[in-house]
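None of the figures in this text is laboratory data; all of them are computed from the coordinates on show. Keep in mind it's a predicted model, so treat the numbers as computed, not measured. Neighbour counts run over all protein chains shown; Cβ positions are idealised from the backbone, glycine included.
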Amino acid sequence: MFSGCLKRSTFVGIFASLIAHGVFAQSNQVLNLYSARHYQTDEALYANFTKQTGIKINRIEADDNVIIERLKSEGKNSPADVILLVDAARLWRAEIEGLFQPVKSKTLEQRIPKNFRSTDGGDGSQWFGFSSRARVIVYNKASIKPSDVDTYEKLAEPINKGKVCTRSGSHPYMLSLIGAMYERQGEAKTEAWAKGMVTNMARAPKGGDTDQIRAVASGECGVALTNSYYFARLMRSDKPADQEVVSKVGYIWPNQATSGTHMNVSGGGVAKHAPNKAAAIQFLEYLASDQAQQYFADGNNEWPTVKSVKTNNPALNKLGDFKMENVSIGAIGKNQIYAQKILDKVSYK
């Protein structure tokens, strides 16, 4: 007669079979993430992925250069599954160092535009851009006419001598801007622009993008370059000092009548030796979802790279619409070598 109980050996056999077929796999799955993104708002992004999939995220956060060097040092023994970096120049460097592997995914190919991912060599793209930011111009409202600084090119013209501030020319944000200029107008014109920028400096390049904005507000500089999300962050701040800065500074979408405003990305891909490749691809596809794209926009004042996604960020809404530059992010990354040579030649520190 059937006793209502399974023999121990039978139960063990059934349980082993269920594990082999992945029935209990998700609760034990782990994704090892090496990320150069260091924004507190990304916590919700990662927590939501775990909630949806049951896949736990082990995260290592560090500067892009530190991550790249660590991956090179670890080699085939690296536990990294996904690599997230925050600039086209850095993504391209990781690609040429052989730190990514190509990914074929219909979801990613359909949702991430071609100009926001690496070239597909036939076996898939090496990396994908998941959020975008613009390189904008900020100016002192009391001393600068907007029409004198409404293009990147005008910053290098004689009318702006002694007024321009930037961070180091060799910083990836600047290398990417110059790489885009190189792609659009060639070496000679890009070199002339860089030389004019050096001539027009109000002070030697230093500090980060927020420092440039504050220097413009104080009058130390008349005009400066910054990534859009730094300015949006100040706009959303409830600190009186930040609001005072915003009140003194105007912003411009450069080159609206010509090539459009330079765009850059934060993006990532599957690590070359990923031990959990399936989970890694699942995570990348999640980053292209509507929900994740909205986290990028609302959390760090960036724009989604998925065109169909709508955002409700008050600062971005206030900044308004603008014409974007149509240059491949992959080409921008590749051109950083030429950009650095130009910077060295004209002594742009």
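Details
- Kirkwood-Stokes translational diffusion coefficient of region 128-185, alpha-carbon pairs, 10 °C, 1.306 mPa s, µm²/s: 120
- Sorted fewest first by neighbouring Cβ atoms within 10 angstrom, Val265, Val86, Val306 come out as Val306, Val86, Val265.
- Residue with peak Gaussian network fluctuation, the chain [Cα springs, cutoff 10 Å], from Ile137, Ile68, Ile57: Ile57
- Around Asp321: net Lys/Arg minus Asp/Glu count, Cβ-Cβ under 15 Å: +3
- By the rule of a C-alpha distance below 17 Å, with chain neighbours fewer than 8 residues away ignored, the lysines paired with Lys206 are Lys163, Lys349.
- To the nearest ten degrees, helix 277-287 and the longest principal axis of the Cα atoms of the chain are 50 degrees apart.
- If R0 equals 41 Å, the separation of the Cβ atoms of Arg70 and Glu244 corresponds to a calculated FRET efficiency of about 0.50.
- Listed pairs Lys106/Lys310; Lys72/Lys334; Lys277/Lys323 exceeding 28 Å between Cα atoms: Lys277/Lys323
- Separation in nanometres of the label points that stand 7 Å from Cα toward Cβ, at Asp123 and Phe322: 3.9
- Separation between Cα centres of region 158-188 and region 25-96, rounded to whole Å: 30
- Residue with peak Gaussian network fluctuation, the chain [Cα springs, cutoff 10 Å], from Gly186, Gly260, Gly222: Gly186
- Rounded to the nearest 10 degrees, the angle from helix 42-53 to the longest Cα principal axis of the chain is 30 degrees.
- Spherically averaged projected area of region 212-313 from its Cα convex hull (nm²): 9.4
- The slack in the chain from Lys206 to Ile96, taken as 0.36 nm per residue of separation less the alpha-carbon distance, amounts to 36.7 nm.
- Ranked list, fewest to most other Cβ atoms within 10 Å of each Cβ, for Lys56, Lys72: Lys72, Lys56
- The alpha-carbon positions of the chain define a convex hull whose volume is 161 Å³ per residue.
- nm² value of the averaged projected area, convex hull over the Cα atoms of region 204-250: 3.1
- Computed FRET value (nearest 0.05) for Lys141 with His171, which takes r as the C-beta separation and R₀ as 30 Å: 0.70
- Model label sites at Thr50 and Ser308, defined 7 Å from Cα along the beta-carbon direction, differ in position by 3.0 nm.
- Over all orientations, region 51-176 has a Cα convex hull whose mean projected area works out to 11.8 square nanometres.
- Contour excess over end-to-end distance, with Cα ends at Ala188 and Arg236 and 0.36 nm allotted per residue: 13.3 nm
- Helix 336-346 and the longest principal axis of the C-alpha atoms of the chain enclose an angle of approximately 30°.
- Within the chain, helix-based [θ] at 222 nm, where runs of 4 or more DSSP H residues each add -39,500 (n - 2.57), nearest 500: -13000 deg cm²/dmol
- Packing around the peptides 105-111, 208-214, taken as the average count of other Cβ atoms within 10 Å per residue, puts them in this order, highest first: 208-214, 105-111.
- Once you reduce region 260-313 and region 236-252 to the center of their Cα atoms, the two points are 28 Å from each other.
- Between Asn300, Asn312, Asn65, the GNM of the chain built on Cα springs shorter than 10 angstrom shows Asn312 fluctuating the most.
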